[in-house]
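I have placed the structure first, in the form of structure tokens, so that the comments after it can refer back to it.
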Amino acid sequence: MSPPITSFWIKDSSTPNLGFGVTAFSTEDAVHLLRQAGIELDTDFTKLMIHENISISDLDQNHVIPNMGPMNFRGVWFPCLNLSATSR
């Protein structure tokens, strides 16, 4: 049985206006998924702003919501990288 997943919103302090949404097993797993997707984040976790258990109501309704993928499975959902191009 897999561990439970959590939705995260992650910002790098060097780019505070840019955030990423990811659902993962842990903070480390979330950062790993973002890096695996080609998103460069500071290697110093203390420079990352990480919000756990993010919900749809916490997100920008005009930009993030219309451009995100599903949050209910492991992967990067903002930007929408957790769906293949053929399934969108």
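Since every read-out is calculated from the coordinates, none of them should be taken as a lab result. Please read all numbers here as calculations on a predicted model, not as lab measurements. Note: ideal-geometry Cβ built from the backbone for every residue, glycine included; neighbour counts use all protein chains shown.
So the values come out like this:
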{"quantity": "Cα gyration tensor, the chain - rounded (a/c under 1.5), prolate or oblate", "calculated": "rounded"}
{"quantity": "Whole-Hz couplings from phi, Karplus 6.51/-1.76/1.60, listed for segment 66-74; x for Gly and Pro", "calculated": "x, 10, 9, x, x, 8, 8, 9, 4"}
{"quantity": "3J(HN,Hα) from dihedral phi, segment 7-16, Karplus parametrisation 6.51/-1.76/1.60, rounded to Hz, x for glycine, proline", "calculated": "8, 10, 10, 10, 10, 9, 4, 6, 9, x"}
{"quantity": "For segment 7-24 and segment 57-79, distance of Cα centres in Å", "calculated": "11"}
{"quantity": "Spacing of the two label points (7 Å from each Cα toward its C-beta) at Gln61 and Thr27, in nm", "calculated": "3.1"}
{"quantity": "HN-Hα J in Hz across segment 76-82 - Karplus 6.51, -1.76, 1.60, θ = phi - 60°, x for Gly and Pro", "calculated": "8, 9, 8, x, 5, 10, 9"}
{"quantity": "Lys/Arg +1, Asp/Glu -1 at C-beta; segment 6-87 dipole; positive extreme among Phe73, Ile54, Ala24", "calculated": "Phe73"}
{"quantity": "Where a label projected 7 Å from the Cα of Asn53 along Cα→Cβ would reach, residues of segment 1-37 with amide N under 12 Å", "calculated": "6-7"}
